[in-house]
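The values are calculated or read from the model by the stated rules, or taken from the named source; none is laboratory data. Note that the structure is predicted; figures quoted are calculated from it, not measured. When we count neighbours, we look across all protein chains shown, and the Cβ atoms used for this are built from the backbone with ideal geometry, even at glycine. Just the protein is used for accessible areas: all its heavy atoms, side chains included, with ligands, DNA and RNA removed. Shrake-Rupley method; radii C 1.70, N 1.55, O 1.52, S 1.80 Å.
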Amino acid sequence: AQKITQTQPGMFVQEKEAVTLDCTYDTSDQSYGLFWYKQPSSGEMIFLIYQGSYDEQNATEGRYSLNFQKARKSANLVISASQLGDSAMYFCAMRGRGAQKLVFGQGTRLTINP
Amino acid sequence: DAMVIQNPRYQVTQFGKPVTLSCSQTLNHNVMYWYQQKSSQAPKLLFHYYDKDFNNEADTPDNFQSRRPNTSFCFLDIRSPGLGDAAMYLCATSRPPTANTEAFFGQGTRLTVV
């Protein structure tokens with residue numbers, strides 16, 4: 001079974017600062033994928049970034065990067081130069097090889113202050 | 001644009017009155033999921049279809065049913081909604097799941113039970 005842990009219920013950051021959202025995971029699979037989603041107050045889940053367990057380089061997508069430390073089983077999301085529109089819930093999720101479902105963490109509510 | 005569409009965005013139903021939520025997709029994905037998300041919680045998978053094969057989560061109440069008449073459409077039926085069923089319901093799709101397959105979400109239906 002897979003398990004995702006997000007230990008930060010809420011984060012408050014000043015606009016233009018970088019922010020790191022923590023995610024640790026547990027799985028017995030050798031091959032797995034890690035995902036981050038953003039959920040604004042409107043409700044839709046927006047896919048941000050993906051990291052494969054065999055990827056040697058950390059994933060990056062624009063202002064988003066994933067700090068992947070496989071030995072520590074962590075996959076932290078880094079948002080550079082935060083913007084007011086980044087205020088939302090952020091969910092870390094994973095899928096094991098052949099697994100048909102995504103398992104989500106409890107989420108972190110990020111608030112960007114002007 | 002190809003997408004996942006949920007109707008309605010907001011649904012109010014009476015306690016005990018059957019209600020149906022709908023989801024359609026233009027992505028031609030094999031897999032369609034229904035998640036329940038209560039306030040400030042992680043999405044919880046209710047069930048999913050892989051093509052026509054229905055997969056129910058072990059802890060999904062019998063009160064929740066689903067239909068998938070074709071590739072594009074999937075319905076969530078709540079036979080006798082209780083106050084505890086008030087939540088956001090998220091539909092998602094994906095290609096045949098491998099470790100690197102992300103899920104694409106609709107905007108959700110927020111269900112209120114009165």
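Would you be able to say whether some residue in region B:81-102 is within 14 Å of chain A (Cβ to nearest Cβ), among the aromatic types (Phe, Trp, Tyr), in contact (Cβ under 8 Å) with a residue 60 or more places away in the chain and surrounded by 13 or more Cβ atoms within 10 Å (Cβ to Cβ)?
Yes, because at least one residue in region B:81-102 is within 14 Å of chain A (Cβ to nearest Cβ), among the aromatic types (Phe, Trp, Tyr), in contact (Cβ under 8 Å) with a residue 60 or more places away in the chain and surrounded by 13 or more Cβ atoms within 10 Å (Cβ to Cβ).
Quick one: in region A:79-102, of everything that is at pLDDT 95 or above and touching a Ser or Thr at 6+ places or on another chain (Cβ under 6 Å), which residue is surrounded by the fewest Cβ atoms within 10 Å (Cβ to Cβ)?
Going through the qualifying residues, I end up with A:87.
Give region B:71-114 a look and list any residue that's part of a loop (DSSP other than H, G, I, E, B), within 15 Å of the chain's Cα centre (by Cα) and within 14 Å of residue B:48 (Cα to Cα), or say none.
Result: B:71, B:72, B:103.
Residues to consider are A:24, A:7, A:60; find the one that is farther than 28 Å from residue B:4 by Cα and either more than 14 Å from every other protein chain (Cβ to nearest Cβ) or among the acidic types (Asp, Glu) (or both).
A:24
So in region A:14-61, with the set limited to residues that are of a type in the set (Ser, Thr, Tyr) and closer than 22 Å to residue A:112 by Cβ, which one is least open to solvent (accessible area, probe 1.4 Å)?
This residue is A:37.
Residues of region A:1-13 being open to solvent by less than 60 Å² (accessible area, probe 1.4 Å) and under 16 Å from the mean Cα position of the chain (by Cα), which ones?
Selection gives A:2, A:4, A:5, A:6, A:8, A:10, A:11.
Looking at region A:9-114, what strands (runs of 3 or more DSSP E) fall wholly within it and have at least 2 residues that are touching a Phe, Trp or Tyr at 6+ places or on another chain (Cβ under 6 Å) and among the aliphatic types (A, V, I, L, M)?
In region A:9-114, A:46-52, A:74-79, A:88-96 are the strands (runs of 3 or more DSSP E) which contain 2 or more residues that are touching a Phe, Trp or Tyr at 6+ places or on another chain (Cβ under 6 Å) and among the aliphatic types (A, V, I, L, M).
Can you tell which of A:107, A:96, A:10 is on the phi > 0 side of the Ramachandran plot and in contact (Cβ under 8 Å) with a residue 40 or more places away in the chain?
Exactly one residue qualifies, and that residue is A:107.
Given the residues B:54, B:15, B:105, which is the only one that is farther than 30 Å from residue A:53 by Cβ and open to solvent by 10 Å² or more (accessible area, probe 1.4 Å)?
B:15
When the residues of region B:23-42 are filtered to those that are over 18 Å from residue B:97 (Cα atoms) and within 8 Å of chain A (Cβ to nearest Cβ), which remaining residue is least open to solvent (accessible area, probe 1.4 Å)?
It comes out as B:42.
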